[in-house]
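See below for the structure under consideration.
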Amino acid sequence: AQSVSQHNHHVILSEAASLELGCNYSYGGTVNLFWYVQYPGQHLQLLLKYFSGDPLVKGIKGFEAEFIKSKFSFNLRKPSVQWSDTAEYFCAVNAPAGKSTFGDGTTLTVKP
Amino acid sequence: NAGVTQTPKFQVLKTGQSMTLQCAQDMNHEYMSWYRQDPGMGLRLIHYSVGAGITDQGEVPNGYNVSRSTTEDFPLRLLSAAPSQTSVYFCASSYSDHYEQYFGPGTRLTVT
């Protein structure tokens, strides 16, 4: 069975600090990888995705993620966070046949 | 496009009552899923469907039923509500299992 592990449950940063959120997955086959964001009081929305090709993918609002196949990792990064990035971030894996698996989420709090 | 819509937004049930959470999408997506979100546990897949007439169980299916008679609608039925089903429920749809999911606004359910 596939699984997703997010290492940081709660991260607190000051504005302009750099961000890296870890995500490791467990699945033996071809996967599609996603990061979703949930702003306070809102539903989940896509931040970025990896299907194939360049392992460094760029998403909205200056976020990027790197897929490292040998490490089964898909870490999310942002060079300089803003107060408006305060949200919960979820890493997810889509395996064939429609079953998606999400990590437990990381709550990011950015102090102004 | 309305995207993914869910009703109701809030619901309070007494233990033993039954109800149906409605979900509809207007994007002609084949794949639809139901998740529950609990603090510190991320999103857990309840049931999913890969097309009209086809449904399957996810990670936490007990106590829930689904059916998919049309491409647009994917209702989730709670047969006999229990306090352990207090949660936020999200419906999602996607073009296929290789694509990102679009989420509805969620239903906050409290079972007393």
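The values are calculated or read from the model by the stated rules, or taken from the named source; none is laboratory data. Bear in mind the structure is a predicted one, so any value in this text is a computation, not a measurement. In this analysis, Cβ positions are derived from the backbone assuming ideal geometry, glycine residues included, and neighbour counts consider all displayed protein chains. These area figures cover heavy atoms from the full protein model, side chains too; ligands, DNA and RNA do not enter into them. Shrake-Rupley method; radii C 1.70, N 1.55, O 1.52, S 1.80 Å.
Just read off the accessible area of A:I12 with the full protein assembly in place, 1.4 Å probe, to the nearest 10 Å².
100 Å²
So which residue, out of A:V11, A:V37, A:V93, gets the largest mean-square fluctuation from a GNM of chain A using Cα contacts under 10 Å as springs?
It is A:V11.
Working only with C-alpha atoms, what are the Rg and Dmax values of the protein assembly as shown, expressed in angstrom?
Rg and Dmax of the protein assembly as shown, Cα atoms, are 17.4, 51 Å.
So how much accessible surface do A and B hide from each other in total, probe 1.4 Å, in square angstrom to the nearest 100?
Details: alone 6130 and 5980 Å², together 10400 Å².
Accessible area lost upon association: around 1700 Å².
Taking the simple approach of a point 7 Å from Cα along Cα-to-Cβ for both A:E64 and B:D73, what is their distance in nm?
Label at A:E64, label at B:D73, 4.7 nm between them.
With the cut-off at 1.5 for a/c, could you classify chain A from its C-alpha gyration tensor as rounded, prolate or oblate? Kindly include the intermediate steps, with their values, before the conclusion.
Details: a/c = 1.93, a/b = 1.64, b/c = 1.18.
Prolate.
Jot down the radius of gyration and Dmax of region A:13-58, Cα atoms only, both in angstrom.
13.5, 38
Modelled label-to-label distance, A:T107 and B:A52, 7 Å Cα→beta-carbon offset: nm?
4.3 nm
Just for chain A, what percent of DSSP beta bridges are antiparallel, to the closest 5? Please list the in-between numbers first.
On the way: 34 of 39 bridges.
Here the antiparallel bridges make up roughly 85 percent for chain A.
For the pair B:T112/A:R77, report the inter-label distance in nm, with labels modelled 7 Å from Cα in the Cβ direction.
5.1 nm
Name the most mobile residue of A:T101, A:T30, A:T86, meaning the one with the largest mean-square fluctuation, in a Gaussian network model of chain A with Cα contacts below 10 Å.
Greatest mean-square fluctuation among the candidates belongs to A:T30.
Let me check something: with ligands and nucleic acids excluded, how do A:T109, B:T107 order by accessible area (1.4 Å probe), largest to smallest? Intermediate results must be reported in sequence, preceding the final value.
Values: A:T109 45, B:T107 0 Å².
So the residues, ranked largest to smallest area, are A:T109, B:T107.
State the Kirkwood hydrodynamic radius of chain B in Å, one decimal place, computed from all pairs of distinct Cα atoms. Kindly include the intermediate steps, with their values, before the conclusion.
Numbers: mean 1/r = 0.0724 Å⁻¹.
The answer is 13.8 Å.
Using only alpha carbon pairs under 8 Å that are at least six residues apart, calculate the relative contact order of region B:64-112 and give it in whole percent.
Details: 61 pairs, mean separation 16.0, N = 49.
Relative contact order of region B:64-112: 33 percent.
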